[in-house]
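Taking it in order: structure first as structure tokens, then the write-up.
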Amino acid sequence: MSKLEMELGGIKVDGQFQSSVKDVYAVGDIAAFPLKIYDRMTRMEHVAHARQSAAHAVDAMFDDSTEDYDYMPYFYSRVFNLSWQFFGDSVGEPVVVGDIQPKMSVFWIEDGQVNGVFTESPSGEDTETMAAIARKRPSVDVTKLSALTDPDEALKLVASS
């Protein structure tokens, strides 16, 4: 009998969520999977990933032509009238723009490249912009970004970079 290969405290899987044991799949927070955008293995403990990874594994089980999982890390929270969203990876130095009242954004930048973006109280348009920024991982002028005080202006600057 084969043993399951473990990594990062979870079951190591490939881009189809197939484990090291034939016909055994792992999804959600128990799966250590390849994160394509950052070219590394990871685990995600969030409902968005749990839902998407389960759907992807089912597709892969029944369709050999299913492409590898291409997940963009995404986290959110809503409590009463407060909400926040985060896309990407929190690697690098954080640049905070704005104040929590009424809104703020944080950009994680490493070697001039944006790895992740967080916004408190984002609009629907902000959410789309944040996802695009995290997927694109643009280079940005940190001095210009740090000088801004309006999160909306910061999102526009980074999105246009």
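Taking the square roots of 5 times each eigenvalue of the Cα gyration tensor of the chain, largest first, gives ellipsoid semi-axes of 34, 16, 13 Å. When only Cα pairs below 8 angstrom with a gap of at least 6 residues are kept, the chain shows a relative contact order of 15 percent.
Backbone amide hydrogens, once placed in the peptide plane, bring ALA32 within less than 5 Å of ILE11, LYS12, VAL13, excluding anything fewer than 5 places away on its chain. For the stretch 51-97 and the stretch 1-42, what is the separation of their C-alpha centers, rounded to whole Å? If we compute the Cα centre of each part, the gap is 16 Å.
Hydrophobic, long helices, defined as DSSP H runs whose alpha-carbon span along the helix axis is 15 Å or greater and whose mean Kyte-Doolittle value is at least 0.0, occur in the chain at 47-62.
Taking all protein chains as shown and a probe of 1.4 angstrom, GLU128 keeps an accessible surface of around 140 Å². This model, with +1 at the C-beta of Lys and Arg and -1 at the C-beta of Asp and Glu, gives the chain a dipole about its Cα centre of some 220 debye.
Pulled fully out, how much extra length does the chain show between ALA54 and ASP111, if you take 0.36 nm times their separation in residues and subtract their Cα-Cα distance? Working shown, then result.
Numbers: separation 57, 0.36 × 57 = 20.52 nm, distance 3.46 nm.
Using 0.36 nm per residue and subtracting the Cα-Cα distance, I get 17.1 nm.
Phi-derived couplings, Karplus 6.51 cos²θ - 1.76 cosθ + 1.60 at θ = phi - 60°, listed residue by residue for the stretch 63-79: 9, 5, 8, 4, 6, 4, 4, 10, 8, 9, x, 8, 9, 8, 8, 9, 9 Hz, with x used for Gly and Pro. Among the lysines of the chain, pairs at least eight places apart or on separate chains and with Cα atoms under 20 Å apart come to 10. For the chain, the antiparallel share of DSSP beta bridges with both residues in that region comes to about 95%.
When the Cα positions of SER123, SER146, ILE133 are compared along the charge dipole of the stretch 93-153, ILE133 comes out farthest toward the positive end, with charges on each C-beta of Lys, Arg, Asp and Glu. For the stretch 27-111, the residue among PRO73, VAL97, LEU35 whose Cα projects farthest onto the positive side of the dipole built from Cβ charges is VAL97. Other residues lying with their Cβ under 14 Å from the Cβ of ASP126 contribute a combined charge of -4, Lys and Arg counting +1, Asp and Glu -1.
Estimated purely from DSSP H runs of n ≥ 4, each contributing -39500 (n - 2.57), the mean residue ellipticity at 222 nm for the chain is -8500 deg cm²/dmol once divided by its residues.
The values are calculated or read from the model by the stated rules, or taken from the named source; none is laboratory data. All of these numbers come straight from a predicted model, not from anything done at the bench. Positions of Cβ are backbone-derived with ideal geometry, glycine not excepted, and every protein chain shown enters the neighbour counts. Accessible surface is based on the protein model in full, side chains and every heavy atom, while ligands, DNA and RNA are left aside. Shrake-Rupley method; radii C 1.70, N 1.55, O 1.52, S 1.80 Å.
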